[in-house]
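Please read the structure below before turning to the comments.
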Amino acid sequence: MRASAVAQPNIALIKYWGKQDVAGNIPAVGSLSITLDSLETRMTVEFDDRLGADELQLNGEPAARMLPRVSHCLDNLLGSKRAPAAIESVCNFPIAAGLASSASAFAALVVAASRAAGKQPDTLSLARAAGQASGSAARSLYGGFVELQLIEEGGSPAIAVESILQENAWPMQVIVAITATGEKPVSSSDAMKLSAKTSPFYASWLEHQDHDLEIARSAVADRDFSALAAISEHNCLKMHSVMWASRPPVVYWNKATLACMETVRGLQADGVPVFFTIDAGPQVKAVCLPDIADRVRKALQETDGVIDTMESSLGGGARLLGMS
Ligand code: PMV
């Protein structure tokens, strides 16, 4: 059986940074994100006993380097006695550059693979399987504004994920300013470990996260853009401060990243409802209300060092495209 699924990346407004259980890949903190619409990964999975081992094609090319993580995710989802899989992934945006390509990839993978194996787990089980591969991927199973919470289950830490507001309930537009196209120098997993071990700010980061989540959750419930903007920028800058104070420092930004932040601040000073957020990479994501998206995009395009911009509204969670 062959199954195809599609998933969109998500952008965290209240960030996940740090793991409490490295083996199970359980985050140290809860997080809150928005799922995008027009950026996407499409995955097709077919299990075939005649294959000697799993095979992965990424945008039409063999992708041996990414295969172990993908195989491991399939083992977690279906058990290691499963048949070998032929996996095809097609992604319409840059990979491993701080644009959450692993989130959309693993979310699409678990949906396609479970259906190709004749199974139909509930969304939370799929989110947990995706989250084991990439913490942020758990959120891409859901659409709109999504919260990931930490819970305890049978004495062990686990995640619970839900959509707290549907994508059409409070439309937003996200403009991504691409400031570099190469792969990031340090993976987020390695950087998180380093932060936990060496950053003097890590304990304080953990301590205040629930408070930030509470403020963001209320801002979403009240559709209060300026409250959401303020807490999102604060939480993002705190995460990067934790990284910068790690030893060796983890700095994902470049000159253009800072220039984009200045552009957003300039727009804010003119009363434009927009805010920025930045993940483990140099790209800047500007979140704004849809009616001023053209102005925000133009301002970012004209910012020194910006290579390209992409734009997306909010979208739904991962979904099956078809089976054959
Ligand atoms: O899902 P990972 O392991 O790539 O970690 C992603 C972490 C951030 O993107 C920086 C923050 C987040 O919550 O998505």
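Given the conditions (1) of a type in the set (Ser, Thr, Tyr); (2) under 19 Å from the mean Cα position of the chain (by Cα); (3) at pLDDT below 95, which single one is not true for Ser156?
Checking Ser156 against (1) of a type in the set (Ser, Thr, Tyr); (2) under 19 Å from the mean Cα position of the chain (by Cα); (3) at pLDDT below 95, the one that fails is (2).
With the structure loaded, tell me whether Ala103 is buried (at least 22 other Cβ atoms within 10 Å of the Cβ), in contact (Cβ under 8 Å) with a residue 60 or more places away in the chain and touching a helix residue (DSSP H, G or I) at 6+ places or on another chain (Cβ under 6 Å) or whether it fails that test. Don't jump to the end; show me each part of the working.
Values: buried (at least 22 other Cβ atoms within 10 Å of the Cβ): yes; in contact (Cβ under 8 Å) with a residue 60 or more places away in the chain: yes; touching a helix residue (DSSP H, G or I) at 6+ places or on another chain (Cβ under 6 Å): yes.
Yes: the conditions hold for Ala103.
Considering only segment 139-171, how many residues are farther than 20 Å from Phe106 by Cβ and among the charged types (D, E, K, R)? Don't jump to the end; show me each part of the working.
First pass over segment 139-171, keeping only residues farther than 20 Å from Phe106 by Cβ: 145, 151-156, 164-171.
Restricting the remaining residues to those that are among the charged types (D, E, K, R) gives 152-153, 167.
Going through segment 139-171 one residue at a time, the tally reaches 3.
Residues of segment 215-250 being within 14 Å of the ligand (Cβ to nearest atom), in contact with a Leu (Cβ under 9 Å, 6 or more places away or on another chain) and over 30 Å from Asn168 (Cα atoms), which ones?
Selection gives Met243, Ser246, Val250.
How about segment 167-191: which of its residues are assigned to a loop (DSSP other than H, G, I, E, B) and crowded, with 16+ Cβ neighbours inside 10 Å?
Going residue by residue through segment 167-191, those that are assigned to a loop (DSSP other than H, G, I, E, B) are 167-172, 179-187.
Matches in segment 167-191: Glu167, Trp170, Met172, Thr179, Ala180, Lys184, Val186.
Would you mind finding the one in Gln120, Gln166, Gln149, Gln132 that is away from the ligand (no atom under 16 Å from the Cβ) and over 19 Å from Leu321 (Cα atoms)?
Details: Gln120 fails: over 19 Å from Leu321 (Cα atoms); Gln149 fails: away from the ligand (no atom under 16 Å from the Cβ); Gln132 fails: away from the ligand (no atom under 16 Å from the Cβ).
Exactly one residue qualifies, and that residue is Gln166.
Give the residues of segment 190-215 that are without any contact (Cβ under 8 Å) to a residue 60 or more places away in the chain and within 29 Å of Glu40 (Cβ to Cβ), sorted by residue number.
Start the filter on segment 190-215 by keeping residues that are without any contact (Cβ under 8 Å) to a residue 60 or more places away in the chain, which leaves 190, 194, 197-201, 203-204, 207-208, 211, 214-215.
Selection gives Asp190 alone.
Does any residue in segment 6-25 that is within 23 Å of Thr198 (Cβ to Cβ) and touching a residue at least 40 places away in the same chain (Cβ under 8 Å) come within less than 8 Å, Cβ to Cβ, of a residue that is among the basic types (Lys, Arg) and near the ligand (Cβ under 9 Å from one of its atoms) six or more places away or on a different chain, and which pairs are these?
From segment 6-25, the pairs are Ala12/Arg139; Asn25/Lys19.
Taking the criterion of being surrounded by 21 or more Cβ atoms within 10 Å (Cβ to Cβ) and either of a type outside the set (Lys, Arg) or farther than 29 Å from Ile307 by Cα (or both), would at least one residue in segment 149-158 satisfy it? Spell out the reasoning first.
Pass one, segment 149-158, residues surrounded by 21 or more Cβ atoms within 10 Å (Cβ to Cβ): none.
No - not one qualifying residue is present in segment 149-158.
Take segment 36-45 and flag every residue that is outside any loop (DSSP other than H, G, I, E, B), more than 17 Å from Ala117 (Cβ to Cβ) and out of contact with any Gly (no Cβ under 6 Å at 6 or more places or on another chain). Working first, answer last.
Looking only at segment 36-45, we keep the residues that are outside any loop (DSSP other than H, G, I, E, B), and these are 36, 41-45.
From what is left, the residues that are more than 17 Å from Ala117 (Cβ to Cβ) are 36, 41-42.
Scanning segment 36-45 gives Thr41, Arg42.
Restricting to segment 46-78, name every residue that is part of a helix (DSSP H, G or I), under 18 Å from Ala5 (Cβ atoms) and not hydroxyl-bearing (Ser, Thr, Tyr). Spell out the reasoning first.
Filtering segment 46-78 for residues part of a helix (DSSP H, G or I) gives 64-78.
If we keep only those that are under 18 Å from Ala5 (Cβ atoms) too, we end up with 66, 69-71, 73-74, 76-78.
Within segment 46-78, Met66, Arg69, Val70, Cys73, Leu74, Asn76, Leu77, Leu78 qualify.
Condition test on Ile164, is it under 16 Å from the mean Cα position of the chain (by Cα), in a strand (DSSP E or B) and within 25 Å of Leu141 (Cα to Cα)?
Numbers: under 16 Å from the mean Cα position of the chain (by Cα): no; in a strand (DSSP E or B): yes; within 25 Å of Leu141 (Cα to Cα): yes.
Against the criterion (under 16 Å from the mean Cα position of the chain (by Cα), in a strand (DSSP E or B) and within 25 Å of Leu141 (Cα to Cα)), Ile164 does not qualify.
In segment 266-324, how many are among the polar types (S, T, N, Q), crowded, with 16+ Cβ neighbours inside 10 Å, closer than 25 Å to His240 by Cβ and away from the ligand (no atom under 16 Å from the Cβ)?
Summing the residues that are among the polar types (S, T, N, Q), crowded, with 16+ Cβ neighbours inside 10 Å, closer than 25 Å to His240 by Cβ and away from the ligand (no atom under 16 Å from the Cβ) in segment 266-324 gives 3.
Give the residues of segment 4-39 that are more than 16 Å from the ligand (Cβ to nearest atom) and either of a type in the set (Ser, Thr, Tyr) or crowded, with 20+ Cβ neighbours inside 10 Å (or both), sorted by residue number. Steps first, answer last, please.
So the first thing to find is which residues in segment 4-39 are more than 16 Å from the ligand (Cβ to nearest atom), and the list is 4-6, 37-38.
Hits for segment 4-39 are Ser4, Ala5, Val6, Ser38.
Within segment 136-146, take every residue that is more than 11 Å from the ligand (Cβ to nearest atom) and hydrophobic (A, V, I, L, M, F, W, C) and give me the one that is nearest to Ile164 (Cα to Cα).
Quick first cut of segment 136-146, residues more than 11 Å from the ligand (Cβ to nearest atom) only: 141-145.
From the residues that got through so far, the ones that are hydrophobic (A, V, I, L, M, F, W, C) too are 141, 145.
Numbers: Leu141: 13, Phe145: 6 Å.
In this case the residue turns out to be Phe145.
The values are calculated or read from the model by the stated rules, or taken from the named source; none is laboratory data. Note that the structure is predicted; figures quoted are calculated from it, not measured. Cβ: placed from backbone, ideal geometry, glycine included. Neighbour counts: every protein chain shown.
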